[in-house]
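Comments concern the structure below.
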Amino acid sequence: MKKDSKRGTETKSAKLGITPLGDRVLIKPMSEEDLRKKLPSGIILPETIDKEKPAQGKVVSVGPGKRDDRGVVVPVEVQVGDRIVFSKYGYDEVSINDEEYYIISESNVLAVIK
């Protein structure tokens, strides 16, 4: 695994063969079983009635960040390993090693679940 020197975290991008660009984030969507589990904070996030795709996932890899108007790279705020809530309609599906992942822009990340 590749070490992210900015954050001191290990990424799976080398193992998966994909690294997001800019402010994009690669996430592994949570399964329905994982969604029903009670979080350490005591929050229980219910299933949706109509069984839409989950809007939660675990961050697998992050891009370096987006450049501002002066050309300075603004790092992505989420970190590898974070469990996030994201916009249901703001992702692109990719299949890596027969597993489903989503690539989303950081602006589509709604919250980090603690």
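The values are calculated or read from the model by the stated rules, or taken from the named source; none is laboratory data. Predicted, not measured: the structure shown is a model, and the values here were computed from it. Here the Cβ is made from the backbone with ideal geometry for all residues, glycine too, and neighbour counts use every protein chain on show.
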Members of the stretch 44-72 that are part of a loop (DSSP other than H, G, I, E, B), modelled with pLDDT of 85 or more and touching an Asp or Glu at 6+ places or on another chain (Cβ under 9 Å): Gly63, Pro64, Gly65
Subset of the stretch 24-43 (residues that are modelled with pLDDT under 90, hydrophobic (A, V, I, L, M, F, W, C) and not in a loop (DSSP other than H, G, I, E, B)): Leu35
Matching residues, the stretch 67-77, being surrounded by fewer than 17 Cβ atoms within 10 Å (Cβ to Cβ) and under 18 Å from Leu21 (Cα atoms): Arg67, Asp68, Asp69, Gly71, Val72, Val73, Val74, Pro75, Glu77
The stretch 10-21, residues that are within 14 Å of the chain's Cα centre (by Cα) and at pLDDT 70 or above: Ile18, Thr19, Pro20, Leu21
Test result for Val78, in contact (Cβ under 8 Å) with a residue 24 or more places away in the chain, part of a loop (DSSP other than H, G, I, E, B) and not acidic (Asp, Glu): yes
Those residues of the stretch 86-101 which are farther than 16 Å from Pro20 by Cβ and touching a Lys or Arg at 6+ places or on another chain (Cβ under 7 Å), in sequence order: Lys88
Subset of the stretch 92-103 (residues that are in contact (Cβ under 8 Å) with a residue 60 or more places away in the chain and either assigned to a strand (DSSP E or B) or within 12 Å of Ile27 (Cα to Cα) (or both)): Val94, Ile96, Glu99, Glu100, Tyr101, Tyr102, Ile103
Residue that is touching a helix residue (DSSP H, G or I) at 6+ places or on another chain (Cβ under 9 Å), under 11 Å from Val25 (Cα atoms) and among the charged types (D, E, K, R), where the choices are Glu77, Glu106: Glu77
